[in-house]
1. Which residues does the label zone of Q37 cover in region 60-94, counting backbone N under 12 Å from a point 7 Å along Cα→Cβ?
2. Per 0.36 nm of contour for each residue apart, how much would the distance between D29 and C164 grow if the chain were fully extended, relative to their Cα-Cα spacing?
3. Using only the alpha carbons, work out the radius of gyration and Dmax of the chain in angstrom.
4. K56: which lysines have alpha carbons under 27 Å from its alpha carbon, excluding same-chain residues fewer than 8 sequence positions away?
5. What distance in nm separates the simple spin-label points at K104 and R50, each placed 7 Å from Cα in the Cβ direction?
6. For H10 and Q92, calculate 0.36 nm times their separation in residues minus their Cα-Cα distance, and state this gained length in nm to one decimal.
7. In region 57-87, whose amide N lies under 14 Å from the spot 7 Å out along Cα-to-Cβ of R116? List them in ranges.
8. Which lysines does K176 reach when only Cα atoms under 18 Å apart count, and residues fewer than 8 places away in its own chain are ignored?
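The values are calculated or read from the model by the stated rules, or taken from the named source; none is laboratory data. Computed from a predicted structure; not experimentally measured. Here Cβ is always computed from backbone atoms with ideal geometry, including for glycine, and neighbour counts include all displayed protein chains. In case anyone asks, the SASA skips ligands and DNA or RNA and just uses the protein heavy atoms, side chains included. Shrake-Rupley method; radii C 1.70, N 1.55, O 1.52, S 1.80 Å.
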Amino acid sequence: MVGVDLGLSHIATLSSGEKVGNPHFLKKDEGRLKKAQQDLSRKKLGSKNREQARTKVARIHARIADCRNDFLHKLTTGLIHENQVICAESLQVKNMLQHPTLAKAISDVGWSELTRQLEYKAKWYGRTFVQIDTFFPSSKTCSECGHVVDFLPLEVRSWTCPDCGAQHDHDLNAAKNILAEGLSVSACGETVRPAKALSAVGTTQ
């Protein structure tokens with residue numbers, strides 16, 4: 001069983017303690033892509049040279065996409081083969097792509113494709129894939145005692161629980177909480193947080 005916290009510095013941090021680095025495929029080819037796009041913009045509309053330049057840009061985009069997909073397939077296949085239960089975040093990627101400074105990095109990392117692959121591969125291999133509620137405070141909850149801090153800036157990469165004194169790596173703590181929450185959700189047979197499911201039951205009684 002594994003919990004998966006998705007991020008930018010590391011594309012995935014696992015509850016087992018393993019961190020998977022972000023290959024930054026777009027960043028590696030960004031200079032070449034920018035030059036090809038500039039060359040394209042200088043070509044005359046409808047000319048043979050413009051079509052050749054357009055093809056060059058398309059090939060660079062395709063190479064970036066192929067490298068990203070190959071990496072994600074290897075990562076997700078490994079997670080599926082090594083675990084019976086995989087729990088991950090449910091991210092609102094479309095909304096996050098509106099971020100003025102992080103949109104390019106978020107688009108490059110491929111979170112949506114990663115979770116899509118996990119979902120269909122889990123069905124293929126008879127695994128359980130659980131995505132927890134978007135608003136579950138996985139990063140702000142102490143995985144040792146359950147205390148939830150009021151505020152935890154994203155740039156704070158490690159913190160100490162004010163209640164029990166446990167020291168946490170930001171991403172690893174989140175991954176542990178995602179696993180625990182995902183197992184609870186799976187046990188309840190719900191696709192939302194158990195607390196919400198129990199609250200809904202209580203209002204109908």
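1. Backbone N within reach: 61.
2. On the way: separation 135, 0.36 × 135 = 48.60 nm, distance 4.62 nm.
Fully extending the segment from D29 to C164 adds 44.0 nm.
3. Both quantities, over Cα of the chain: 20.7, 72 Å.
4. Straight-distance partners of K56: K27, K28, K34, K35, K43, K44, K48, K104.
5. A separation of 2.6 nm, rounded to one decimal place.
6. Numbers: separation 82, 0.36 × 82 = 29.52 nm, distance 1.83 nm.
That pair, H10 and Q92, stretches by 27.7 nm at full extension.
7. 65-66, 68-70, 72-73
8. K19, K140
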